[in-house]
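Some notes on the structure that comes next.
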Ligand SMILES: NC(=O)c1ccc[n+]([C@@H]2O[C@H](COP(=O)([O-])OP(=O)(O)OC[C@H]3O[C@@H](n4cnc5c(N)ncnc54)[C@H](OP(=O)(O)O)[C@@H]3O)[C@@H](O)[C@H]2O)c1
């Protein structure tokens, strides 16, 4: 009997917020892997802001855009169900760029084995995976926070931001998170140990920063861009380091992106602004995962996941990235 592989394919490029009609829900017969390839049953699919870039046709992106008709690309974890690659056997747990589908066939060279005895599979899409590597190296190598300095992080309740703030605390910094809504702000200070939180949906960010960072901001780790970036630029300390990780407030813009108007503060404060890309740190992924795994085990670090069950919910789950309704690393459970 033929096994059918259900999958989401890109039907058209979204304009603004992605819609269900931008994707086709298809079923194709499952194939055996060709030489060098591995068939993976997808267990958890990471729902990432980067997906918004993959479905657009902009030329200034850091990844090759998807073509119309492609299976939706996704970072995911799963289990090997058939292998024609010497390094992988049926039953191995693996992570890599797979697809929003039940089964993916990929070159074995693009997969990495993960050890489910170390942590449950979702952790490898969170603190022990891409968000963890981004937060760890982005903050420590580009931000270089020193004990006693003031670190501000935007998108602070998100996957990357929540880890950045906690790592900065572990390194002895004073940490201020910027997030949307009272519940998320309460979580930052009461559960994750941030020193202060600013609700950008309700508060004047510039005024709140004057109150919470009276000596200025030494490190700003920015996930959202736009008005929040501009507000923090007005509050820099001399020698500040700004880490540009992303600009989620701009990803669904139909027109041009809003760039920082206050960039001349970089001159006034002799500050640096540096972009980071997680793939540059990929060769050192194990280093981050080892340290972060230790912090998770000791309880110094907390990582939360927001798991939606069912492949068929992909389009609505993708939308949730942009409405603030998720709390923790957003992912889709496709198989147990
Ligand atoms: N450079 C790299 O290599 C790299 C790697 C991974 C991620 N990133 C970037 O890092 C950022 C965070 O990623 P993530 O995985 O942590 O995402 P996430 O867990 O989905 O968190 C993103 C948060 O952004 C906030 N947000 C959404 N729309 C917003 C808007 N219009 N204005 C302000 N905030 C908004 C939401 O929180 P609120 O409810 O608080 O608004 C949301 O929780 C993204 O920009 C992503 O592209 C970059």
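The values are calculated or read from the model by the stated rules, or taken from the named source; none is laboratory data. Just so it is clear, the model here is predicted, and its values are computed rather than measured. Backbone-built Cβ (ideal geometry, glycine too); neighbour counts: all protein chains shown.
Would you confirm whether or not region 156-166 contains a residue that is buried (at least 24 other Cβ atoms within 10 Å of the Cβ), out of contact with any strand residue (DSSP E or B) (no Cβ under 9 Å at 6 or more places or on another chain) and more than 30 Å from residue 84 (Cβ to Cβ)?
Yes, some residue in region 156-166 is buried (at least 24 other Cβ atoms within 10 Å of the Cβ), out of contact with any strand residue (DSSP E or B) (no Cβ under 9 Å at 6 or more places or on another chain) and more than 30 Å from residue 84 (Cβ to Cβ).
Taking the options 286, 234, 266, name whichever one is away from the ligand (no atom under 16 Å from the Cβ) and modelled with pLDDT under 95.
286
What number goes with the only condition from (1) buried (at least 18 other Cβ atoms within 10 Å of the Cβ); (2) in a helix (DSSP H, G or I); (3) assigned by TED's automatic domain parsing to the domain that holds residue 15 that residue 109 does not pass?
With respect to (1) buried (at least 18 other Cβ atoms within 10 Å of the Cβ); (2) in a helix (DSSP H, G or I); (3) assigned by TED's automatic domain parsing to the domain that holds residue 15, residue 109 is out only on (1).
Would you confirm whether any residue within region 40-53 is within 16 Å of the ligand (Cβ to nearest atom), assigned to a helix (DSSP H, G or I) and more than 21 Å from residue 334 (Cα to Cα)?
Looking through region 40-53, at least one residue is within 16 Å of the ligand (Cβ to nearest atom), assigned to a helix (DSSP H, G or I) and more than 21 Å from residue 334 (Cα to Cα).
Can you work out which of the residues in region 306-323 that are surrounded by fewer than 20 Cβ atoms within 10 Å (Cβ to Cβ) and within 14 Å of the chain's Cα centre (by Cα) is nearest to the ligand (Cβ to nearest atom)?
The extreme case among them is 322.
Among 69, 132, 108, which is the only one that is touching a residue at least 60 places away in the same chain (Cβ under 8 Å) and over 28 Å from residue 288 (Cα atoms)?
Answer to the selection: 69.
Which residues, taken from region 8-33, are under 27 Å from residue 53 (Cβ atoms) and either in a loop (DSSP other than H, G, I, E, B) or not assigned by TED's automatic domain parsing to the domain that holds residue 107 (or both)?
11, 12, 13, 14, 15, 16, 17, 18, 19
Any idea which residue in region 187-210 is nearest to the ligand (Cβ to nearest atom), counting only those that are buried (at least 19 other Cβ atoms within 10 Å of the Cβ) and either in contact (Cβ under 8 Å) with a residue 60 or more places away in the chain or outside the structural domain of residue 139 (by TED's automatic domain parsing) (or both)?
So the residue we want is 187.
Could you check how many residues of region 261-282 are in a loop (DSSP other than H, G, I, E, B), under 20 Å from the mean Cα position of the chain (by Cα) and surrounded by fewer than 16 Cβ atoms within 10 Å (Cβ to Cβ)?
1
Which of the strands (runs of 3 or more DSSP E) found entirely inside region 195-257 contain at least 1 residues meeting this: farther than 19 Å from residue 144 by Cβ?
Hits in region 195-257: 196-199.
Looking at (1) buried (at least 20 other Cβ atoms within 10 Å of the Cβ); (2) under 27 Å from residue 133 (Cβ atoms); (3) within 15 Å of the ligand (Cβ to nearest atom), which is the only condition residue 257 fails?
Failed condition: (1).
Of everything in region 148-186, what is assigned to a strand (DSSP E or B) and within 15 Å of the ligand (Cβ to nearest atom)? Give them in sequence order.
Answer for region 148-186, where residues must be assigned to a strand (DSSP E or B) and within 15 Å of the ligand (Cβ to nearest atom): 152, 153, 154, 176, 177, 178, 179.
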